Amino acid sequence: MRAFSDLLEQLYYTAGTKAKAQLILHYLATTPDPDRGWAIAAMAGTLRFDFFKRNTVKKLITERVDSELFAMSYDYVGEVSETVAHLWPEFTPDKTLPSLSEVVDTFANVSKQKVASTLANYLTIMTPSQRWALLKLGTRGLRIGVPARSIKQILAEYGNQDITEIEKLWHGVTPPYTDLLAWLEGNAPKPDISNAVTFHPVMLSHPIAQSDIDDFIPEQWQIEHKFDGIRVQLVCNTTKEEPEKALFSRTGDDISHAFPDLLDSVNANMVVDNMVLDGELLVMHNDEVNTFNALQQRLNKKKPTAALMKTNPAGLIVYDALVLEGKQLTDSPLVTRRKALEAWFDKNGIQEQDNKSRLHLSECLSADSPTELKALHKRVCENRAVEGLMIKRSSSSYVPGRPKGQWYKWKRDPLVVDAVMMYAQRGHGKRSSFYSDYTFGAWQDEQLLPIGKAYSGFTDEELKKLDNWVRRNAIGRFGPVREVKKELVLEVAFDAVHPSKRHKSGVALRFPRIHRIRWDKPANEADTLSNVKALIEQ
Amino acid sequence: MTAENTIHPSKWMKTDDAGLYCVPGDFYIDPMQPVDTALVTHGHADHARAGHKRVFAHPQTMAIMTTRYGDDMAEVQIPVPYRESVEFDEVTTTDSNSASTEQGQRKIKVTFYPAGHILGSSQLLIEYAGYRLVISGDYKRRHDPTCPPFEVVPCDVLITEATFGLPVFAHPPIEQEIQKLLHSLDVFPTRCHLVGTYALGKCQRVILALREAGYTKPIYLHGALLKLCDLYEREGIALGDIIPVSEVEDKASLAGEIVLAPPSALADRWSRSLPHVRAVLASGWMQIRARAKQRNAELPLIISDHCDWPELLQTLTEVNPSEVWVTHGREDALMYQAQKMGFKARALSLVGYDEAAQEE
C-alpha cells in the first residue's frame, strides 16, 4: 500500500504523459506481484467492485470529528476523501502496512457488517496520503490523468511489445494481471485468450486529399455515410456456457455498462456464435439518427436510468465484421466481409430500415465518377446528422492501425466563427509556461459570453506570438487563468454547435480549434451569439 | 490588582487601516503603512515595511529590513534583543479612564521573545495597566536551525495567528519532505529540480534540511535569493556550497541539480532556460492537493514556518491565557475550537494579510 500510495501521490502532481509513464514503469519494475497488477487495475479502472461506499466514509468521520470543524475543513479543501484523509484523528503508524493485494483481498472477503470497522482500522495505521489513496481506490474514484490507453501503452513499453499486442490481450486478462506481466518480462508464454471476449484493435482512416478524389475509380471503392457518433466494437460469444457480450470504445475501454439496451438487443433469438462487429454507436430512434449531443448524455452516465434509455435509445450502425459466426474475416477483402455481413443481417431477419432492431446495416452509396462523388458529398452533408463520407477500398483487408491508401474519411467542411479571446491558460508538457489554452466568446449586446476553449490549430511560431500577446494584454488573474483585453479575434473552426445548459452562453462547440488568428480584425466585428446559435443543428 | 487601576486590553489595543495599534504607547505592531513608531515582529514583507520614523525590532530583523530596504529604511532604528524590554511613556489622553490620573504617568513595557518562525522573529509581550498581552507574530513550534524556539510567555491575552487554522493542516516532519525531493532526483536524474521557496526563511531552511539529509552537492540560487542567504551566512548560519544560477555558463549542466527560486519564478520565462524543469514548491499550502495543483507544483513539499493545527492547540494549552484573539488566517475554526477548550475568543481582523501575497 505504501508504494502504491507513493506512486499515486507522484502521478497526481506530475504533468505530462511521458513523465507519468516513467513513474509507472519504475513502479512496475520495483513492485512485486500481485500488488503491481492491482495497481494497474486501479489505474485502468478495471477493478470490479467498490470496497466501501462513500456514505460509510462520511459516517465514520462524523463519528470522530466535530461536525462544525468538518464542515469548515471540507469547505476549504473541497473534496471529501482528502478532507477525511487529513482529519482522521487516530494515527498509530504500523511498520508493516498491509500490501495493496492484502487490502483488496480483505475488502473482497469481509462481511458487510465489518466493512466500516475494517476501513477505520486501515485509516488509523495510514498517513494522510495513504488514506487518500485508499479512499480513492475503495470508491473507484481514482483520477490521476492516466487514461486506460496510456496504461496499455506503458505495459507495451515495459515488455517491449507493440501496443496492439496489449490491446488484443487486454480484455481477455484479469487483475492482478500476473500472467500478462510474466509474459511481458519474458518469464511466461503469452496468455491464451482465444476463448475470451476481447477488444480487437481497430482499423482507421486517413483524411481524403484532393488527388484521391480526382483519381476516384468507382468500382474499386465502397462508399458509406460517416456518422457523428463514436466508433465501437460489439463483441459477443454465445458458445460459452455463460454467453458473454461486451461493447468497447475504439481505444478498447469497456463501455458495456453504459449501453445495456444495445447489448440486450443481441439476444438468444439471433444467430451469434463468436462475433466481432465494427460500427458507429449513436442515439437512434428506430432508424433515425440523433445528434452527438444526444449520445453525449448517454456517454456521461456510467449506469443509465430507464428514463434516459427511453428518451435516448442506443443504436449501432454496423459497417464491418472482424469475426462472424466464429469465422475470422480480417484477412478477407472488404467486399467479402460486406457480403458476409449482409448475409448475417438477412439470416437474423433484420431488414434495411428495420424499425425494431437496434442494429442497422450501414448503407452503401454509389457515385459513378469523381464529379458525382463530389455531388454526393455535398448532398449527404446537408443532413446534419451526417459528418461526411467514408470511402473504403473494396479490396482492403482489416488491418489494425492506419494503413495507407485503404480507407478515407471525407468530413464536411468545418463551421467557423470569429470569436474574441477572453482568457488564457498555460499549457502542459512542452507548452508549459506558454499561454496556449484560450477561452473565447461571442457578443451578446455589449457583452462577451464564452462559447468555448481551444488549444490547437496553430503553429509553434503562432503560439509564441499568442503567448506574447497574452502576457502584454493580461488584465486579471483567477488562479492559473489570465483574463486578457477583449481585443484579439480568433477564427475558430468546429464540427458542430449544440445547445448546452452548462454554459452561460447556452451553446457548446464540438471539437473547436483555432483556424486563423485575425490580428487585423477589430473585436467589435466578431460574431454575435445569435450568429453562433443559428448554426445549431436541428 | 484592583479594578480601578486596571484597564482591559480591548480598551487599549485597536486595529485601524495601518494595522494593530497600542493606544497608550502610540505605536503600531507590524504596520502596513508608514507610521511614527513601529514594532516589527519579523522581516517578512507583509509585516515589515519601509518608511517608518522609528522601528523597534530584534537585531536580526533589523538586519533583514536594511538588507531588503536599504540602511535608510527608517530614520531611527532601535534593536531589541530577546528578553530585553523597551518602555514607552503613556500618552496622556482625555479619556477619563486613563490609568495615569492617580499614580502619575505609567509605562508601557514591551519585551521581545523568540517566536521560532524565521531568523529574528519575535513575540511581543506588552505589559500595561495590570495586564499582560502577548502578540505571537508568526510562529511555529518545531525545531528550526535558523532561530531559537518559540518561548511560552504566560499572559492574560494572547493574540495568535491562524494561517493554518484548520484541523486539516498537520505538517509532516521536514525530513520526510526532503526525502521526497531526494527520491525525485533519483527517479528523474536528468531533470533540473526547481524548488520554489520564499526568499526569507523558507529558502535557508530548505538548504539546511538538505544539508542535514546529507546532500553535499552545490545548491543553485535564483538572484532574488542571494542577498538574504548572504545575510544568514553572516549571522553564522552555514549554508554550504551555494552558487548563483547566473554564474552557471552552461545551463544544461543543471540537469539533475537542485535550483532554488522564488515561487513566482517557477512559471516565469526565467525557468525556460533551465533543462527539463521539475517544478517543486515548498510551502504549507502544499498540503491541499488542489492548491498545489493550481500552483502547478509537480512535487509539492509541505514545509511551513507556521504552526499547524496541533501546534496552535498546543500553544493555547501551554500559554493558557484567559482570552485569545485570533488574527490573519482561518480565524473561524480556531475561535470555535478555542471556545470549545474554554477560552474566551474573538477574531481580530487585520488589513493586508492576503493569503496570496503572504510570505510564509
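Tabulated data
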quantity	calculated
Residue within region A:7-28 that is within 30 Å of B:LEU185 (Cβ to Cβ), more than 14 Å from chain B (Cβ to nearest Cβ) and exposed (fewer than 15 other Cβ atoms within 10 Å of the Cβ) present	no
Candidates B:LEU181, B:LEU166, B:LEU210, filtered to the one that is modelled with pLDDT of 95 or more and within 13 Å of chain A (Cβ to nearest Cβ)	B:LEU181
Test for B:ILE29: is it under 14 Å from B:SER122 (Cα atoms), of a type in the set (A, V, I, L, M, F, W, C) and touching a residue at least 40 places away in the same chain (Cβ under 8 Å)	yes
Checking B:ALA45 against (1) open to solvent by 70 Å² or more (accessible area, probe 1.4 Å); (2) out of contact with any strand residue (DSSP E or B) (no Cβ under 9 Å at 6 or more places or on another chain), the condition it does not meet	(1)
Search result, residues across region A:439-453 that are among the polar types (S, T, N, Q) and either touching a helix residue (DSSP H, G or I) at 6+ places or on another chain (Cβ under 8 Å) or within 15 Å of A:ARG502 (Cα to Cα) (or both)	A:GLN444
Scan of region A:479-507 for residues that are more than 14 Å from chain B (Cβ to nearest Cβ), over 22 Å from the mean Cα position of the chain (by Cα) and under 30 Å from B:ALA292 (Cβ atoms), ordered by number	A:GLU483, A:VAL484, A:LYS504
Only listed residue being touching a helix residue (DSSP H, G or I) at 6+ places or on another chain (Cβ under 7 Å) and part of a loop (DSSP other than H, G, I, E, B), chosen from B:LEU239, B:LEU210	B:LEU239
Residue within region A:344-358 that is modelled with pLDDT of 90 or more, part of a loop (DSSP other than H, G, I, E, B) and surrounded by 13 or more Cβ atoms within 10 Å (Cβ to Cβ) present	yes
Residue count for region A:444-499, restricted to those that are open to solvent by less than 30 Å² (accessible area, probe 1.4 Å) and either in contact with a Ser or Thr (Cβ under 6 Å, 6 or more places away or on another chain) or in a helix (DSSP H, G or I) (or both)	8
Of residues in region A:36-45 being surrounded by 21 or more Cβ atoms within 10 Å (Cβ to Cβ) and not hydrophobic (A, V, I, L, M, F, W, C), the one nearest to the other protein chains (Cβ to nearest Cβ)	A:ARG36
First in region B:314-335 and within 14 Å of another protein chain (Cβ to nearest Cβ), second anywhere and open to solvent by 70 Å² or more (accessible area, probe 1.4 Å) and of a type in the set (Gly, Ala, Ser), Cβ under 9 Å, 6 or more apart	B:GLU331/B:SER349
Criterion: away from chain A (no Cβ under 13 Å), under 27 Å from B:HIS171 (Cα atoms) and either open to solvent by 10 Å² or more (accessible area, probe 1.4 Å) or free of Cβ contacts under 8 Å to residues at least 60 places away in the same chain (or both) - qualifying residue of B:CYS192, B:CYS229	B:CYS229
Some residue of region B:140-162 being touching an Asp or Glu at 6+ places or on another chain (Cβ under 7 Å), assigned to a loop (DSSP other than H, G, I, E, B), surrounded by 24 or more Cβ atoms within 10 Å (Cβ to Cβ) and modelled with pLDDT of 95 or more	yes
Test: residue in region A:147-157 that is acidic (Asp, Glu), within 34 Å of the chain's Cα centre (by Cα) and farther than 30 Å from A:GLU185 by Cα	no
All positions within region A:434-448 that are at pLDDT 95 or above and under 28 Å from the mean Cα position of the chain (by Cα)	A:TYR438, A:THR439, A:PHE440, A:GLY441
Elements of type strands (runs of 3 or more DSSP E) contained in region B:246-301, each with 1 or more residues being open to solvent by 20 Å² or more (accessible area, probe 1.4 Å), more than 7 Å from chain A (Cβ to nearest Cβ) and in contact (Cβ under 8 Å) with a residue 24 or more places away in the chain	B:277-282
Qualifying residues in region B:124-139 (those that are buried (at least 20 other Cβ atoms within 10 Å of the Cβ) and part of a loop (DSSP other than H, G, I, E, B)) - the one farthest from the chain's Cα centre (by Cα)	B:ALA129
Counted residues, region A:49-74 - those being of a type outside the set (Val, Ile, Thr), within 14 Å of chain B (Cβ to nearest Cβ) and either surrounded by 20 or more Cβ atoms within 10 Å (Cβ to Cβ) or assigned to a helix (DSSP H, G or I) (or both)	9
Test: residue in region A:129-144 that is under 32 Å from the mean Cα position of the chain (by Cα), open to solvent by 30 Å² or more (accessible area, probe 1.4 Å), hydroxyl-bearing (Ser, Thr, Tyr) and under 29 Å from A:GLN22 (Cβ atoms)	yes
Looking only at region A:75-90, and only at residues there that are assigned to a helix (DSSP H, G or I) and among the acidic types (Asp, Glu), the one that is farthest from the other protein chains (Cβ to nearest Cβ)	A:ASP75
Residue match in region A:1-12 (condition: modelled with pLDDT under 95 and not in a helix (DSSP H, G or I))	yes
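Per-residue answers, yes or no, for (1) surrounded by fewer than 18 Cβ atoms within 10 Å (Cβ to Cβ); (2) within 28 Å of the chain's Cα centre (by Cα); (3) at pLDDT 95 or above:
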residue	(1), (2), (3)
A:GLY405	yes, yes, no
A:TYR408	no, yes, yes
A:HIS428	yes, yes, no
A:SER432	no, yes, no
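Residues checked against (1) touching a Pro at 6+ places or on another chain (Cβ under 8 Å); (2) away from chain A (no Cβ under 14 Å):
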{"site": "B:GLY130", "(1), (2)": "no, yes"}
{"site": "B:VAL134", "(1), (2)": "yes, yes"}
{"site": "B:LYS140", "(1), (2)": "no, yes"}
{"site": "B:HIS143", "(1), (2)": "yes, yes"}
{"site": "B:PHE150", "(1), (2)": "yes, yes"}
{"site": "B:CYS155", "(1), (2)": "yes, yes"}
{"site": "B:LEU158", "(1), (2)": "yes, yes"}
{"site": "B:ALA170", "(1), (2)": "yes, no"}
{"site": "B:THR197", "(1), (2)": "yes, yes"}
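The values are calculated or read from the model by the stated rules, or taken from the named source; none is laboratory data. It should be emphasised that the depicted structure is a prediction, and the values quoted were computed from it without experimental measurement. Glycine gets a Cβ as well: all are built from the backbone with ideal geometry, and neighbour counts include every protein chain shown. For accessibility, only protein heavy atoms count, side chains too; no ligands or nucleic acids. Shrake-Rupley method; radii C 1.70, N 1.55, O 1.52, S 1.80 Å.
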